[in-house]
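Beneath this line is the structure, given in structure tokens, with notes to follow.
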Amino acid sequence: MLSALAITAFAAPILSPSVEPNPFMKHAAWYVNPANQKEIDQSIASASGETKRTLSAMRELPSAFWIDKKSKIHGNSTDTLEGILRDAASRSPPSLVVVILYDLPNRDCHAKASNGEICCTYKDDGRCDYDAAGTCAEGLQEYKGEYVDPFAAVVGQYVKRGVPVAVVIEPDSLPNVATNSDDPHCGNSATQTAYTEGISYAAKTLHAAGAYLYLDAAHGGWLGWSDNAKKFATMLQGMGIAEFLRGFASNVANYQSLGVACPSEAFVDQQGTPRQLATWCQSHSSEPCCADPCGLLPQYNNGNNELNYVQTMTKALQQVLGADFAPKWLIDTGRNGVADMRSDCSNWCNVRGAGAGHAPTTNSSLPHMLDALFWLKTPGESDGCTQTLPNGDTCPRFDTMCASSDSIGSDASEPHAPEAGAWFDYQIKQLADNAALGGPPVPGPTPTPPRPPPPSPSGCPGGSLPACMALCPTDQYAQCAQACAQQCVSAGTSSPSLAAAAHARTRRSPKPFGTCEPRGAACPVGYSCEPSQLCMPTESHRVAARHGSAFHTAYEHALQRVRAQ
């Protein structure tokens, strides 16, 4: 374990994290991992036409790397933290590296596909006993001494050498504690202690190491309800770590729509009192920011898209932590290029019909809140396995959510999915086919490509993203490709008019937990129109999806509405 002296030796930022300059703007060179490029090269080799061109463009874009086990901390290759930072340090200037800290004891307590290696209590087969209560003393000792401390030591070493490092802390973990305490796997004393104490220690230790820290804050389909947002904010207050955070990350490894940001007055009335976004949207139904592909607004959830979610969650945090608390956000856009491809937005595993989303950029419509749109989950890496693996073996970590009606592999015509984190060729090609790497023009600084070609009338050199990238010089290709992605609007990109069309389209049929009529349009698969005139899950679907966090909290809120009737 690191000594207090060793931690103090790391140069902590002079300014509090949230008021420092945006690190993604301060450090314009963003790390593109050769290990990820090697994975996508396999798919490029067997692709053709527009799919191949899009995959080649995606190859040059940065994404985060998940340090999800202890063995990924040390090493020389760029599939380890140490190897990545060494490679970034060799570049001039050193590249900004984004990594995910993800190895808590009893990790992923409300799911199965990504259970971790550190346990509060071990079963005889080496897996975690999520039902065992206690203090998790041994699990926390292992997490702190064998994972966080060496992780921080490596980060601190390279921060002192000028490598900027951003760390996203433990996806899904605190949201699970805040909203799933009735699940004994998440609500028992061991898991609760492991998550709150482990994350507190990680935040303080990594802040001392000089990293920019973003705590995972789920997404709008999970914490967009005001009571859930308040629970999360109150838990954060009790942990006392807000001062160590640059901000938060949303939509990590998920598919929630980026959407269009509603104006600030949509969230408060003329007296400044917070109000439901649905109220504003009732009189502004044609506004693109009211597009609601998941049917969340009628459920009294303000997170109909991620740009609206970060606004409403920031307000909830300020109500608990004080009006001066000004966190910054990262939004994962790796796989949210299509807004309305799911029949049920609680389905999160290898979603069919998804597309790669907006390329990483600092250019957004909320520059005072967002540090960057970024690919925090590398497109092409599986969310979890089908019951049968591609090699025919039975998946040891099969999660029923990976057999959902929206999941690749649930249809007999599709290939089986590999385990979480493994490369999924079929999926990456589908993400490329449906990609929306660009975006509508928004205010904000945009890096200029080195030696740019003359701009086309559209403002995008070459007229399209692939054409722009084809014009980039080989000696500065990575930087130029990133700048092209920020300046160009791809053919599949969402725009205000497209968002409005999607809004109209998605309003035609009932959504899960949405209103319905017994003789009207059918509810989605797994749901039926109940006497309450809500599309409620069937018993079999409740059993299959009950451990899905977004499903669980949406179901609980729907039951509240039924009881209120």
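Counting only residues that are in contact with a Gly (Cβ under 8 Å, 6 or more places away or on another chain) and under 30 Å from Ser364 (Cα atoms), segment 375-405 holds 7 of them. Here are Ala133, Ala89: which of them is of a type in the set (A, V, I, L, M), surrounded by fewer than 24 Cβ atoms within 10 Å (Cβ to Cβ) and either within 22 Å of Phe374 (Cβ to Cβ) or in contact (Cβ under 8 Å) with a residue 60 or more places away in the chain (or both)? Selected residue: Ala89, the only one of Ala133, Ala89 that is of a type in the set (A, V, I, L, M), surrounded by fewer than 24 Cβ atoms within 10 Å (Cβ to Cβ) and either within 22 Å of Phe374 (Cβ to Cβ) or in contact (Cβ under 8 Å) with a residue 60 or more places away in the chain (or both). The one condition from (1) surrounded by fewer than 14 Cβ atoms within 10 Å (Cβ to Cβ); (2) at pLDDT 95 or above; (3) of a type outside the set (Asp, Glu); (4) in contact with an Asp or Glu (Cβ under 7 Å, 6 or more places away or on another chain) that Thr51 does not meet is (1).
On the stretch given as segment 221-240, residues that are part of a loop (DSSP other than H, G, I, E, B) and more than 23 Å from Thr279 (Cβ to Cβ) total 1. For segment 385-403, the criterion of being modelled with pLDDT of 95 or more and closer than 25 Å to Ala57 by Cα is met by none of the residues.
Scanning segment 507-540 for residues that are of a type in the set (Asp, Glu) and at pLDDT below 90 yields a total of 1. Scoring Met58 on the criteria (1) farther than 21 Å from Ile331 by Cα; (2) outside the structural domain of Glu146 (by TED's automatic domain parsing); (3) of a type in the set (A, V, I, L, M); (4) modelled with pLDDT of 95 or more leaves a single failure, condition (1). Taking the listed residues Ala113, Ala133, Ala178, the one that is assigned by TED's automatic domain parsing to the domain that holds Gly75, at pLDDT below 95, in a loop (DSSP other than H, G, I, E, B) and within 16 Å of Glu197 (Cβ to Cβ) is Ala133, with no other qualifying. From the list Thr179, Thr193, Thr205, the one residue that fits, being touching a helix residue (DSSP H, G or I) at 6+ places or on another chain (Cβ under 8 Å), among the β-branched types (Val, Ile, Thr) and surrounded by fewer than 23 Cβ atoms within 10 Å (Cβ to Cβ), is Thr193. I need every pair where a residue in segment 148-161 that is in the same structural domain as Tyr102 (by TED's automatic domain parsing) and within 16 Å of Tyr102 (Cα to Cα) has its Cβ under 6 Å from the Cβ of a residue that is polar (S, T, N, Q) and at pLDDT 95 or above, sequence separation at least 6 or different chains. From residues that are in the same structural domain as Tyr102 (by TED's automatic domain parsing) and within 16 Å of Tyr102 (Cα to Cα), the pairs are Val148/Thr205; Ala152/Thr205.
The conditions are (1) crowded, with 23+ Cβ neighbours inside 10 Å; (2) outside any loop (DSSP other than H, G, I, E, B); (3) in contact with a Pro (Cβ under 8 Å, 6 or more places away or on another chain), and Glu243 fails exactly one of them. Which is it? Tallying (1) crowded, with 23+ Cβ neighbours inside 10 Å; (2) outside any loop (DSSP other than H, G, I, E, B); (3) in contact with a Pro (Cβ under 8 Å, 6 or more places away or on another chain), Glu243 fails exactly one: (1). Give me a count of the residues in segment 196-220 that are touching a Pro at 6+ places or on another chain (Cβ under 9 Å), assigned to a helix (DSSP H, G or I) and over 15 Å from Val177 (Cβ atoms). Count: 1. Somewhere in segment 23-42, is a residue of a type in the set (A, V, I, L, M), within 18 Å of Asp79 (Cβ to Cβ) and at pLDDT below 95? Checking segment 23-42: at least one residue is of a type in the set (A, V, I, L, M), within 18 Å of Asp79 (Cβ to Cβ) and at pLDDT below 95. Of the residues examined, Trp348 is not one that is part of a strand (DSSP E or B), in contact (Cβ under 8 Å) with a residue 12 or more places away in the chain and under 30 Å from Leu96 (Cβ atoms).
For Ala483, are the conditions met, namely being modelled with pLDDT of 85 or more and either more than 18 Å from Asn347 (Cβ to Cβ) or surrounded by 14 or more Cβ atoms within 10 Å (Cβ to Cβ) (or both)? Here the answer is no, as Ala483 does not meet what is asked.
Determine whether Ala29 is buried (at least 17 other Cβ atoms within 10 Å of the Cβ), more than 21 Å from Leu215 (Cβ to Cβ) and within 24 Å of the chain's Cα centre (by Cα). Considered against the rule, which asks whether it is buried (at least 17 other Cβ atoms within 10 Å of the Cβ), more than 21 Å from Leu215 (Cβ to Cβ) and within 24 Å of the chain's Cα centre (by Cα), Ala29 comes out as yes. Restricting attention to segment 254-303 and to residues that are in contact with a Pro (Cβ under 6 Å, 6 or more places away or on another chain) and in a loop (DSSP other than H, G, I, E, B), the residue that is farthest from Pro512 (Cα to Cα) turns out to be Val260.
Applying the criterion of being out of contact with any strand residue (DSSP E or B) (no Cβ under 7 Å at 6 or more places or on another chain) and buried (at least 23 other Cβ atoms within 10 Å of the Cβ) to the residues of segment 318-344, the residue that is nearest to Val167 (Cα to Cα) is Gly334. Cβ separations smaller than 6 Å between residues 6+ apart or across chains give the following pairs from segment 395-418 residues that are assigned to a strand (DSSP E or B) to residues that are of a type outside the set (S, T, N, Q): Ser407/Cys349.
Check whether at least one residue in segment 428-440 is surrounded by fewer than 19 Cβ atoms within 10 Å (Cβ to Cβ) and modelled with pLDDT under 95, and report yes or no. There is at least one residue in segment 428-440 that is surrounded by fewer than 19 Cβ atoms within 10 Å (Cβ to Cβ) and modelled with pLDDT under 95.
The values are calculated or read from the model by the stated rules, or taken from the named source; none is laboratory data. Because the structure is a prediction, the values reported are computed rather than measured. Neighbour counts are summed over all protein chains in view; Cβ atoms, including those assigned to glycine, are modelled from backbone coordinates with ideal geometry.
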